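Derivation of every value follows stated rules applied to the coordinates shown; laboratory data play no part. Please read these numbers as outputs of a predicted model, since none were measured by experiment. Cβ placement follows ideal geometry from the backbone for every residue including glycine, while neighbour counts extend to all protein chains displayed.
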Ligand code: FES
């Protein structure tokens, strides 16, 4: 599915999910079951972009930290990952093999269905998947906001 946006993704009503020790960085206050510290925050993209104020997501302020964002009510989610060089990788969580949802396991994204494994940059490390995870372009504003271009998936 590389090179196109996620089917069924409602670009007007996103939700941000964080899971981990810092957990509850909520703005909208919807908490999802399945992770004790899972917080879900509705985000409303503007003109095909999601803007995350990094100060509101402390996990993204240190290399290796990540959050997962998801459209409200949809299964598709995106991982937002802070890279060591200060950049951000935003990846679809949909496995490019047969579209199961991958999970973050340590330094890798792993598909529970057939074991495909991806690097945190989306490249395939272990098949059967042959294509990398769909990536979304990002930029960081001078004010410290991460901007994710939803229409620029590749
Ligand atoms: Fe992910 Fe098959 S659907 S490895």
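For the stretch 117-128, a residue qualifies if it is surrounded by 14 or more Cβ atoms within 10 Å (Cβ to Cβ) and more than 17 Å from residue 89 (Cβ to Cβ), and exactly one does: 128. Checking each residue in the stretch 129-140 for being within 18 Å of residue 68 (Cα to Cα) and surrounded by fewer than 17 Cβ atoms within 10 Å (Cβ to Cβ) picks out 137, 139, 140.
One line per residue, one yes/no per condition, for (1) in contact with a helix residue (DSSP H, G or I) (Cβ under 9 Å, 6 or more places away or on another chain); (2) within 24 Å of residue 61 (Cα to Cα); (3) more than 10 Å from the ligand (Cβ to nearest atom):
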{"position": "88", "(1), (2), (3)": "yes, yes, yes"}
{"position": "102", "(1), (2), (3)": "no, yes, no"}
{"position": "105", "(1), (2), (3)": "no, yes, yes"}
{"position": "113", "(1), (2), (3)": "no, no, no"}
{"position": "126", "(1), (2), (3)": "no, no, no"}
{"position": "130", "(1), (2), (3)": "no, no, yes"}
{"position": "137", "(1), (2), (3)": "yes, yes, yes"}
{"position": "141", "(1), (2), (3)": "no, yes, yes"}
